[in-house]
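The values are calculated or read from the model by the stated rules, or taken from the named source; none is laboratory data. On a predicted model such as this, the values are computed, not experimentally measured, just so you know. We place every Cβ from the backbone using ideal geometry, glycine too, and count neighbours over all the protein chains shown. Protein only, heavy atoms only, side chains kept; ligands, DNA and RNA dropped before computing areas. Shrake-Rupley method; radii C 1.70, N 1.55, O 1.52, S 1.80 Å.
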Amino acid sequence: MTHRYLVFLIAGALPLLLTGLIAPSMAHQLDFWLLWLGAMFVGLPVLFAEVALSARSADAPWHGMQKLTREADAGVIWRIFAVLSVLISLLIAGSVSSRIAFALTDGHLAEFGKSVQIPSIGLSAGVMVVVLILSLLKSRLLPVGLLLLVAGAVIALLGGVTIPAMSEVSLGEWAKAVVLALLCVGVGSGLYWFGTVGISNQSMQLKKSLSGLILPIWLTQLAFGALALLVSSSLIDAWSFVVSGLGMLLVAAFLLYYAGSQLIARLGVLVGGALTVILAMLASLLPTAVMSQLIAVVALLAVLLLAIFAGFVMKISHLRKTFNFASELRYNIWRVLVRIIVPVAVLMALVGLVLEWL
């Protein structure tokens, strides 16, 4: 599989994997759909920034941030983005194991008249062991995982979809819409950086605009994000979850492969591999409710860090050359968006999350 296909698989799989966790019932509200669509446009300049940094560094996020901070004469604090990207992947994999464990003990399996008589926390750890083993296959199972997620979505949609209705708009809704538009399609997670290293750098060397690579990825995110929202408003039965659950396992395996590859690149095979196993097992023990909130906060912080680094810290001449836009106006528009609009939107989302907790 080439990296060109990898990023499209990521763009398709993550919405189907995470929408039900972050916003399980929001699709019933028409105003939330409109907020989500607006937030998707907030994510577009962040996607441009992530792919541009990938092209400029010509390396995966961990080593790539080291190169870029040296090039920009910036402090090592900005390298925390690589740490956050690894943490996001580990937490998402942990959420998958805990959701599957719940379904096997008290959830969808009960619809078949069966349940597993094992504590949910122990079963979650067991599922994570399976995911760790599957992660040794790297990204090979990701296409199968996406196909299974789509199949599960289709089964759920056959059960009927609720027509959305207008409701009162709140800051909490905006927070969930932003998280959905950023995290649930993987923007700012380092995954698109990781998946476009080869082709984005090649485009830069050939002096091609990165828009031709980025816009198809964003449109894929938009299409699968809308599908995921429709699924979240439908009745997910046991068969739908069984099919989707298998797909979730395979996507989670890819996420662990990404996290492990970054830790191994930084710490070596023994230490990095051992740390990946330990952190993955710890993530599988966290409750799903805590996990969803933690993922949302870490993802928003990663996006904020990436936007500030690309908008303020990176040298203007370097990014202008990397983007290779057809006009200076397009670059200036992107710069305004990533410097002002994105940080404001993310900070509003963080405030909305805090208000929901209070």
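List of remarks:
- Some residue of region 186-193 being within 19 Å of Trp218 (Cβ to Cβ), part of a helix (DSSP H, G or I) and either open to solvent by 20 Å² or more (accessible area, probe 1.4 Å) or in contact with an Asp or Glu (Cβ under 7 Å, 6 or more places away or on another chain) (or both): yes
- Test: residue in region 157-175 that is in contact with a helix residue (DSSP H, G or I) (Cβ under 8 Å, 6 or more places away or on another chain), open to solvent by less than 20 Å² (accessible area, probe 1.4 Å) and on the phi > 0 side of the Ramachandran plot: no
- Every residue from region 230-261 that is modelled with pLDDT under 90 and within 30 Å of Val129 (Cα to Cα): Val231, Ser232, Leu235, Ile236, Asp237, Ala238, Trp239, Ser240, Phe241, Val242
- Restricting attention to region 203-236, the residues that are more than 27 Å from Thr19 (Cα to Cα), in a helix (DSSP H, G or I) and touching a residue at least 60 places away in the same chain (Cβ under 8 Å) total 2.
- Test result for Val197, within 21 Å of Leu84 (Cα to Cα), touching a His at 6+ places or on another chain (Cβ under 8 Å) and among the hydrophobic types (A, V, I, L, M, F, W, C): yes
- Residue list for region 334-354, restricted to those being touching a Leu at 6+ places or on another chain (Cβ under 6 Å) and either open to solvent by 30 Å² or more (accessible area, probe 1.4 Å) or basic (Lys, Arg) (or both): Leu350
- Among all residues of region 241-258, there is at least one that is of a type in the set (Ser, Thr, Tyr) and within 15 Å of Trp62 (Cα to Cα).
- Residue within region 140-155 that is open to solvent by less than 50 Å² (accessible area, probe 1.4 Å), in contact with a strand residue (DSSP E or B) (Cβ under 8 Å, 6 or more places away or on another chain) and closer than 27 Å to Gly247 by Cα present: no
- For Ala349, the test of being assigned to a helix (DSSP H, G or I), within 19 Å of the chain's Cα centre (by Cα) and under 24 Å from Thr196 (Cβ atoms) is failed.
- Listed by first and then second residue, the pairs linking a residue in region 289-315 that is under 17 Å from Lys176 (Cβ atoms) to a residue that is open to solvent by 40 Å² or more (accessible area, probe 1.4 Å), with Cβ atoms under 7 Å apart and 6 or more places separating them unless they lie on different chains, are Val298/Leu87.
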